[in-house]
Ligand SMILES: NC(=O)c1ccc[n+]([C@@H]2O[C@H](COP(=O)([O-])OP(=O)(O)OC[C@H]3O[C@@H](n4cnc5c(N)ncnc54)[C@H](OP(=O)(O)O)[C@@H]3O)[C@@H](O)[C@H]2O)c1
């Protein structure tokens, strides 16, 4: 089993939800963490919690869908952390609506954030991992990336695309000792799921919690270097 202590991680969308739970789980393992998002107050609050766990923690405020900002801010975070070993591409948005009803701008923004944002951030982090001949990339897709449903065309298109990009990247960089993992979780009780009306934060015993997702990521990272969690689907036990 690998020890994660003193590794350095960047988690996009680390201010709340799945990204924040992952940041806290990493800090408990002694990983130094940089979190990103668009809301500075939420990021500062998360960084305070991380620092209380005794690790170095920092943040950057930027929209993953803006490549100019991604270039500047990823460079800054890698400098602040003194390197990067782990990238969790988690930032994402969701909205439901039929293909015909959804506004063109909203449809485009979902693709621009969930797909292009992940591509931009990966493009800026990858050279560091290749240069050190080791690294970990965890890309967050969804069950909506495996199956389309009525009123999920934008979200499903973005999450199907994430799987294609992530699996291709995995095959490109195995030779560089970089493990790329594609996750397809089902519904987890976060703001996103509550806002979409598909989860209720009170039903802790039956609905997946952000901590369950974080635990899966940590377990994957702890695998011996010869082994790689290529993909994983996290489901709740009861339908
Ligand atoms: N919850 C679920 O049921 C579920 C299931 C499967 C997959 N997922 C995926 O898991 C990931 C995390 O979802 P979540 O449930 O934790 O959602 P969430 O609670 O809404 O959190 C989303 C995070 O992403 C950040 N973010 C959103 N748009 C951004 C942008 N354009 N630029 C930078 N940061 C941005 C948010 O911060 P700011 O708002 O401050 O920018 C926040 O930190 C998403 O990719 C989602 O599609 C979620």
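Structure notes:
- The chain: relative contact order in percent, alpha carbon pairs under 8 Å with at least 6 residues between: 20
- Order by protection proxy (mean Cβ within 10 Å, highest first), peptides 101-114, 10-23, 59-72, 78-91: 10-23, 78-91, 59-72, 101-114
- Taking the three principal axes of the alpha carbon atoms in the chain, the coordinate ranges are 47, 38, 38 Å, sorted in descending order.
- Degrees separating the helix 117-132 axis from the principal Cα axis of the chain, which is the longest one: 20
- A crude spin-label estimate for the pair residue 80 and residue 201, with each label 7 Å from Cα along the Cβ direction, gives 2.5 nm.
- Cα-based helix-to-principal-axis angle, 17-28 vs the chain, degrees rounded to 10: 20
- Principal-axis tilt of helix 40-51 within the chain, Cα atoms, nearest 10 degrees: 50
- The chain, helix-only ellipticity at 222 nm - DSSP H runs n ≥ 4, -39,500 (n - 2.57), divided by all residues, nearest 500: -13500 deg cm²/dmol
Quick note: the coordinates plus some simple rules give every number you see, no bench work behind them. Note that the structure is a prediction, hence the values are computed from the model and not measured. Neighbour counts run over all protein chains shown; Cβ positions are idealised from the backbone, glycine included.
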